[in-house]
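The block underneath contains the structure these notes are about, expressed in structure tokens.
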Amino acid sequence: MSNVRPRFDFDESLNAAFLEELFEGDTIYAETVFEDFLKDLPVYWERVETAFNNKNLPVLGTCIHTCKTLFGYVGFTDLQELCQQFENKCSVNTVEELRIEYILLVQRKEKAQHIIEKEYTRLRLFNEDNG
Amino acid sequence: MKTTCIIVEDIKIAADFLRKFCEKSDLIEVKGHFLNVADALEYLDQEKVDLIFLDVEMPGANGFDLLDRITYSPMIILTTSKTEYAFDAFQYHVNDYLKKPFTYKRFLEAVRKLQQPGPEATPAPVPQQAAPAANQPADTEFLFIKSEDKLIKLKKDDILFLESMRDYVKFVTPGKSYITYSTLKNMEEKLIGPTFLKVHRSYIVNITKIDDIRGNTIYLLGNQIPIGKGHKEDLATRLNIL
């Protein structure tokens, strides 16, 4: 019987090549990072919502910047780019001008969170089976 | 011996990755992790580390504020997810710049670069100051620097200021500048005395040549030198500002 640990394939909506390089096959650590992401994102996103509702664009930009970094660690490189664009606009646009983009960003974030929840469960089961 | 470091980073995942990479490398010892600049500066007032992994955007003061306030010159690796800071990083003479999230391979590249022998780790190829003859006091009126394959005699009194250029130092005199292979830290030790003062992470000035000071800038024969926040008090004391 082979002792080679099977490979974990990340969801196709994530930047799998980057995640392979980042975790170097350490799925236990990947599980920890995905778990941390699921704990941390709601906390940071609450700050995003507060800043948007208070029309505080400098703070909104800073909060989006933090979320952008978090998305990067779980392989959402496309969402990182979207956050970067939104962050840049926070210094030149008004809240009203950003409203539609903000709604789209919220939808993308919800979708991303859902994918990571599923990936976290898959990672946990994978690690249990191959631990 | 391992390089000691602190991590200044407000995002847990990012800080955990850094700590893990440091441990894995077996080259870096993490002395502490701070979530903001104020806590990091408080620690650095008591302890000195060789290296700081420094995030730029954090709640309150940002990473560049720490560089303005710090009173010694550790190696700095900026960690940020914004490429726009690259220019500022260059101006602050940081040792490297890691864009988050970064892989272990990229981390190791940055760390190994720091550990390559440079002017900090090894003596400069040619002494910057004339060696005194045995039992004779050194002539403190001038120094020799190696520039463009020559040993150039510089009267200390002619030097306006020194600027750090990573592994090199630029000496600026009224008519000419000279670049030599050394570090500002080295020069600070050699120029100790009442005339020269470090006013910024990247600058030492000849205080007798200062024309005036406006805000956080020293004006000196047509040159503008920034004053780092951490050096303001020293400067005020030395200039006897009332």
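Derivation of every value follows stated rules applied to the coordinates shown; laboratory data play no part. Because the structure is a prediction, the values reported are computed rather than measured. All Cβ positions, glycine included, derive from the backbone under ideal geometry; neighbour counts span all protein chains shown.
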Task: Coil-residue trypsin sites (Lys or Arg not before Pro) of region A:37-131, DSSP, other Cβ within 10 Å capped at 15 - done: A:Lys55
TODO: Could you state the angle between the C-alpha long axis of helix B:37-46 and the longest principal axis of the C-alpha atoms of chain B, as a value from 0 to 90 degrees rounded to the nearest 10?
DONE: 60 degrees
TODO: Please compute P(r) over all alpha-carbon pairs of chain A, binned at 5 Å starting from zero, and give each bin as a whole-number percent.
DONE: 2, 10, 21, 21, 15, 11, 8, 6, 3, 2, 1, 0, 0
Task: Calculated [θ] (222 nm, deg cm²/dmol) that DSSP helices of n ≥ 4 give over chain A, each run adding -39,500 (n - 2.57) - done: -26500 deg cm²/dmol
- [ ] Kindly put A:Phe52, B:Phe161 in sequence by how many other C-beta atoms sit within 10 Å of each C-beta, fewest to most.
- [x] A:Phe52, B:Phe161
Open item on the list: Could you derive backbone 3J(HN,Hα) for region A:9-18 from the dihedral phi with the Karplus parameters 6.51, -1.76 and 1.60 (θ = phi - 60°), listing whole Hz in sequence and x where the residue is Gly or Pro?
Closed with: 9, 6, 3, 5, 7, 9, 7, 5, 4, 5
TODO: May I ask which of B:Lys146/B:Lys229; B:Lys31/B:Lys185; B:Lys113/B:Lys146; A:Lys89/B:Lys82; B:Lys24/B:Lys190; A:Lys39/B:Lys113 have a Cα-Cα span longer than 26 Å here?
DONE: B:Lys146/B:Lys229; B:Lys24/B:Lys190; A:Lys39/B:Lys113
- [ ] Taking the dipole about the Cα centre of the protein assembly as shown, with the C-beta of Lys and Arg at +1 and of Asp and Glu at -1, give me whichever of B:Gln46, B:Ser25, A:Cys83 is farthest to the positive side.
- [x] B:Gln46
Task: Mean separation of Cα contacts under 8 Å (6+ apart) over length of chain A, as relative contact order % - done: 31 percent
- [ ] From other protein chains only, count the Cβ atoms within 10 Å of every residue's Cβ in B:93-103, then give the mean.
- [x] 3
Open item on the list: Can you compute log10 of I(q)/I(0) for the protein assembly as shown with the Debye formula, treating each Cα as one identical point scatterer, at q = 0.08, 0.11, 0.13 Å⁻¹?
Closed with: -0.53, -0.87, -1.08
Task: Cβ-Cβ FRET estimate between B:Ala61 and B:Leu151, R0 fixed at 51 Å, reported to 0.05 - done: 0.75
TODO: Could you pull out the GluC sites (Glu not before Pro) across region B:1-55 that fall in loop regions by DSSP (anything but H, G, I, E, B) with no more than 13 other Cβ atoms inside 10 Å?
DONE: B:Glu47
Open item on the list: Let me confirm one metric for peptide A:67-74, namely the mean number of other chain beta-carbon atoms within 10 Å of its residues' beta-carbons.
Closed with: 5
TODO: Counting other Cβ atoms within 10 Å, keep those with at most 15, restrict to DSSP loop, and tell me which trypsin sites (Lys or Arg not before Pro) in region B:146-191 are left.
DONE: B:Arg166, B:Lys176
TODO: Take the alpha carbon atoms of region B:179-211, find their center, do the same for region A:4-39, and report the distance between the two centers in whole angstrom.
DONE: 49 Å
- [ ] Put one equal scatterer on each alpha carbon of chain B, apply the Debye formula with no solvent term, and list log10 I(q)/I(0) at q = 0.12 1/Å to two decimals.
- [x] -0.75
Open item on the list: Checking a compactness column here: for region A:91-131, what do you get for Rg(Cα) / (2.2 N^0.38 Å), N being the number of residues?
Closed with: 1.90
TODO: Write down the radius of gyration of region B:1-94 and its Dmax, each obtained from C-alpha positions, in Å.
DONE: 12.4, 35
Task: Value at 222 nm in deg cm²/dmol, rounded to 500, when DSSP H runs of n ≥ 4 in chain B each add -39,500 (n - 2.57) - done: -7500 deg cm²/dmol
Open item on the list: Modelling each spin label as a point 7 Å along the Cα-to-Cβ direction, I'd like the A:Gln113/A:Arg5 distance in nm, to one decimal.
Closed with: 3.1 nm
